1. Quick one: which of 309, 241, 313, 277 is surrounded by 17 or more Cβ atoms within 10 Å (Cβ to Cβ), modelled with pLDDT of 95 or more and touching a Pro at 6+ places or on another chain (Cβ under 7 Å)?
2. Does the range 33-66 hold any residues that are among the charged types (D, E, K, R) and touching a helix residue (DSSP H, G or I) at 6+ places or on another chain (Cβ under 6 Å), and which are they?
3. Go through the range 93-108 and count every residue that is in a helix (DSSP H, G or I), out of contact with any Lys or Arg (no Cβ under 6 Å at 6 or more places or on another chain), buried (at least 18 other Cβ atoms within 10 Å of the Cβ) and modelled with pLDDT of 75 or more.
4. Determine, yes or no, whether residue 90 is modelled with pLDDT under 85, of a type in the set (A, V, I, L, M), surrounded by 14 or more Cβ atoms within 10 Å (Cβ to Cβ) and not in a helix (DSSP H, G or I).
5. Could we say that residue 254 is β-branched (Val, Ile, Thr) and assigned to a helix (DSSP H, G or I) here?
6. Filter the range 109-147 down to the residues that are at pLDDT below 95 and assigned to a loop (DSSP other than H, G, I, E, B), then identify the one that is nearest to residue 202 (Cα to Cα).
7. Sort out which residues of the range 22-34 are in contact (Cβ under 8 Å) with a residue 12 or more places away in the chain and not in a helix (DSSP H, G or I), and write them in order of number.
8. Can you run down the residue pairs with Cβ atoms below 6 Å, 6 or more apart or on separate chains, where the first is in the range 252-266 and at pLDDT below 90 and the partner is among the acidic types (Asp, Glu)?
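The values are calculated or read from the model by the stated rules, or taken from the named source; none is laboratory data. Note that the structure is a prediction, hence the values are computed from the model and not measured. Note that each Cβ is placed from the backbone with ideal geometry, even for glycine, and that neighbours are counted across all protein chains shown.
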Amino acid sequence: MNLFEQLKLMPKVDMHINLVSSISIDLASYLKDDQNILDMENMMQERNYKDYENSLKIPIEILSNPKNIALAIDNLIDNLESKNIIYSELFLDLYIYNKSLDKEMVLNAILNAINKRNYSMQVVLVIDASDSKEDNLRTLDLFFKYYNRGVNNLYFHKNKMTNLSDYLYIFDRLIKSNMPYIINMDSKETSQNEEIYLNAKRIIYALPTFDEVFLDKLRKNDVMLEFSPTRFKENKIYDDLKNYYIYDLIKENTSLTITSVDMTTMKTDILNEWCILFNNYPLILHDMYKVINNSLVKANISDDDKTKLIEELRDKSNLVL
């Protein structure tokens, strides 16, 4: 059995899947049959980061009603189960939908579709710095309303160099209520917003790990770091992935998780992400097991579901390890 087959057999988690950028080409072709599938594939797949929003136009158009949303969720879960992904988190960018669509209707359609499949998937609502304060507060209210009812986290996505202090109306409420949230970091400028970062449950991109002092603070606050190796490589955040010390973080038991983010637009999935790491670092399967187990431990789900998933990981991994 080669490494790829072993990785495929290993139960996995994917803690960051963007719904719109992960709709399969086949489903898009089925729901939008007026377009050649090759043309559609070219339009839906990202060629560079600047074209990313263009690549989402067809999926956004498709996700225009509850029926298509349910079909997209069903197709996505089929894909995840075929790759032995036992738990996933779906990031939902409500702001990208047509303004005529009610945000709560979209959320309910997704949650109902997940419940029908009885699959371990939680929804993460997304607040975007480019959206209006009114829309952000609307999403924040939905988060509080649906928290522990299929929604388990709030992700704040900021554009580069955005000052987080401008969004204290969001973070003050989250921190005071002890509610979980995820944040991305594409800048090392953390001093003015340190409290916001140190109270986060997870940090995406995690560039501050170059700063050992700040990394130590994140460890002490038990903040999980999230990585998508393909994202780093494609966007040239690092010229050489090997220069980035994910391997050291794993060996030092830093809390981290590996994610896929955009399965269709980036032509990747969590299996590919792990293959990239094994090809760049001297990892062993037990390292992968350790990261996945820790991801489940940190997952914001019920104790019963968590115990069940961890037992499944342990039992099925014995076939590989």
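1. The conditions single out 313.
2. In the first step, residues of the range 33-66 are kept if they are among the charged types (D, E, K, R); the result is 33-34, 39, 41, 46-47, 50-51, 53, 57, 61.
Scanning the range 33-66 gives 41, 46.
3. 3
4. It is false that residue 90 is modelled with pLDDT under 85, of a type in the set (A, V, I, L, M), surrounded by 14 or more Cβ atoms within 10 Å (Cβ to Cβ) and not in a helix (DSSP H, G or I).
5. Judged against the criteria, residue 254 is not a match.
6. 129
7. Selection gives 23, 24, 32.
8. Correct list of pairs: 265/46.
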